[in-house]
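One structure below.
The values are calculated or read from the model by the stated rules, or taken from the named source; none is laboratory data. Being a predicted model, the structure only gives us computed values, none of them experimental. Positions of Cβ are backbone-derived with ideal geometry, glycine not excepted, and every protein chain shown enters the neighbour counts. Only protein heavy atoms, including side chains, enter the accessible area calculation; ligands, DNA and RNA are left aside. Shrake-Rupley method; radii C 1.70, N 1.55, O 1.52, S 1.80 Å.
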Amino acid sequence: MQSIELSAKHKSQVEEQLAVLSEGTAEIIPLDEFREKLVRSVVTGAPLKVKLGLDPSAPDVHIGHTVVLRKLRQFQDFGHIVQLVVGDFTGRIGDPSGRASARRQLSDEEVQANARTYVEQFGKVMDMDKAQIRFNSEWLGKLNFSEVVNLASLLTVARMLEREDFGNRYRQGQPIYVHEFFYPLMQGYDSVALKTDIELGGTDQTFNLLMGRTVQEAYGQERQVVMTCPLLEGLDGVRKMSKSLHNYIGVAEAPGEIYGKAMSVPDELLLRYMRLTTDLPREEIDELAATLSEGGIHPRHAKMLLARTLVRMYHGQAQAEAAEDNFVRVFSRREIPEEIGEYTWAGDNPARLVDLLTASLLASSNSEARRKITSGAVRIDGAKVTNFDAAVTVSDGMVLQLGRRAFVRVRLSGQ
């Protein structure tokens, strides 16, 4: 890129964007090209085209996804163009990154339904009125076989096997299908079709993102800059946040559910969650970190700030205050929530506690019910019950509680 002389005003603008957009990222490849693109954008007034590709393989957005979405919002705030590429074509293959086997190919109906849900939920983080939403079947579906062969010629099998997931599968004798090799090439071609300047993704996407640079160069375009964002650990504190692993906080979940889940974040990940998933000022988080290290505040109170902030971001201040009041009342004072589901019991009375738990759907099976009872997770009207053979006299309005957040009010048939 050609060096551009900067005025004091333009230099200040570039440095501000560089500082804000770089903060919280895992890697920018290469950093010098990123700065040069920002310089050219500031001087010419032409916005950068910033791409995020997402294959709609799961319909719910969780706060792990918002790490990169919040970075896109920062680009929007500086006037750059966000290109959301819904992978309705690549979704038929599925991204093989991190997979020990090939993904099931999605039907067109599944892809379209998942895409609609993603786009709706993106609006909780980004300004969707300013985002370009494109489906990559627009260009990938039009390639003829000759063009596909030319695209495939850009990558060797040896280079593809450098990927850890493919390399592991090859060494273990697991099948690798030819169509899986096309995924990074098609993602790279997306950048060609949209003339992308910057592409974002998680650190597990680095190979695919770099492929965009390779493909753009082959097609005579200026290469995009790759910006990776950290992957957020889930509530288990170990594995990446994922709906399939049940260790996630969904942005569309009810306020009380978000609050309760946030309170279960491991202490060692508390500040990481705050930095990556909330809009709290960096200075406030730094001050909180210092106070925590000095023992000036209990982690529980810091978690309440995290929980309150997340609910406020996705449901508003009033809902955040209500969720916190309910949490304090139920879990700190061990009171029963004001609004809980009901189940009508029409069986024997007295009844087996195991039967009550399974019939009311608090437990999925008798064996699960027994485990929950013996582990001390079951209460009746606030009193713990640990004998799974217990016979319970069912009274109208009695409250069954499983764990910290599951409640059912039992009604008697005919009452």
Among the residues of region 308-326, the number that are open to solvent by 50 Å² or more (accessible area, probe 1.4 Å) and of a type in the set (Ser, Thr, Tyr) is 0
Condition broken by LYS124, with the remaining ones in (1) within 30 Å of HIS315 (Cβ to Cβ); (2) touching an Asp or Glu at 6+ places or on another chain (Cβ under 8 Å) satisfied
(2)
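Please determine, by comparing only the residues of region 211-252 that are of a type in the set (Val, Ile, Thr) and surrounded by fewer than 20 Cβ atoms within 10 Å (Cβ to Cβ), which one is modelled with the highest pLDDT. First the steps, then the outcome.
Taking region 211-252 and keeping what is of a type in the set (Val, Ile, Thr), we get 214-215, 225-226, 228, 238, 249, 251.
This time we only want the ones that are surrounded by fewer than 20 Cβ atoms within 10 Å (Cβ to Cβ), so: 214, 238.
Values: THR214: 94, VAL238: 88.
Checked region 211-252; the qualifying residue modelled with the highest pLDDT is THR214.
Which members of region 391-415 meet the condition of being hydrophobic (A, V, I, L, M, F, W, C) and open to solvent by 20 Å² or more (accessible area, probe 1.4 Å)? Reasoning before the result, please.
Residues of region 391-415 hydrophobic (A, V, I, L, M, F, W, C): 391-392, 394, 398-400, 402, 406-408, 410, 412.
If the condition is that a residue be hydrophobic (A, V, I, L, M, F, W, C) and open to solvent by 20 Å² or more (accessible area, probe 1.4 Å), then ALA391, LEU402, ALA406, PHE407, LEU412 are the ones that fit.
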With the requirement that a residue be surrounded by fewer than 16 Cβ atoms within 10 Å (Cβ to Cβ) and within 19 Å of GLY123 (Cα to Cα), what does region 253-269 give you?
ALA254
Could you tell me whether any residue of region 140-148 is free of Cβ contacts under 8 Å to residues at least 60 places away in the same chain and either in contact with a strand residue (DSSP E or B) (Cβ under 8 Å, 6 or more places away or on another chain) or assigned to a strand (DSSP E or B) (or both)?
no
Report every pair of residues separated by at least 6 positions or lying on different chains whose Cβ atoms are under 8 Å apart, first residue within region 296-310 and farther than 15 Å from GLU284 by Cα and in contact (Cβ under 8 Å) with a residue 60 or more places away in the chain, second of a type outside the set (Ser, Thr, Tyr) and open to solvent by less than 60 Å² (accessible area, probe 1.4 Å).
LEU310/ILE63; LEU310/ILE249; LEU310/ILE258; LEU310/ALA262
Across (1) touching a residue at least 60 places away in the same chain (Cβ under 8 Å); (2) surrounded by 22 or more Cβ atoms within 10 Å (Cβ to Cβ); (3) over 30 Å from LEU269 (Cβ atoms), PHE182 clears everything bar (2)
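Condition test on GLU321, is it over 28 Å from the mean Cα position of the chain (by Cα), acidic (Asp, Glu) and closer than 29 Å to GLY250 by Cα? Don't jump to the end; show me each part of the working.
Values: over 28 Å from the mean Cα position of the chain (by Cα): no; acidic (Asp, Glu): yes; closer than 29 Å to GLY250 by Cα: yes.
So GLU321 fails the test.
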Those helices (runs of 4 or more DSSP H) lying entirely in region 1-77 with at least 3 residues among the acidic types (Asp, Glu), under 26 Å from PRO184 (Cβ atoms) and open to solvent by less than 50 Å² (accessible area, probe 1.4 Å)
none
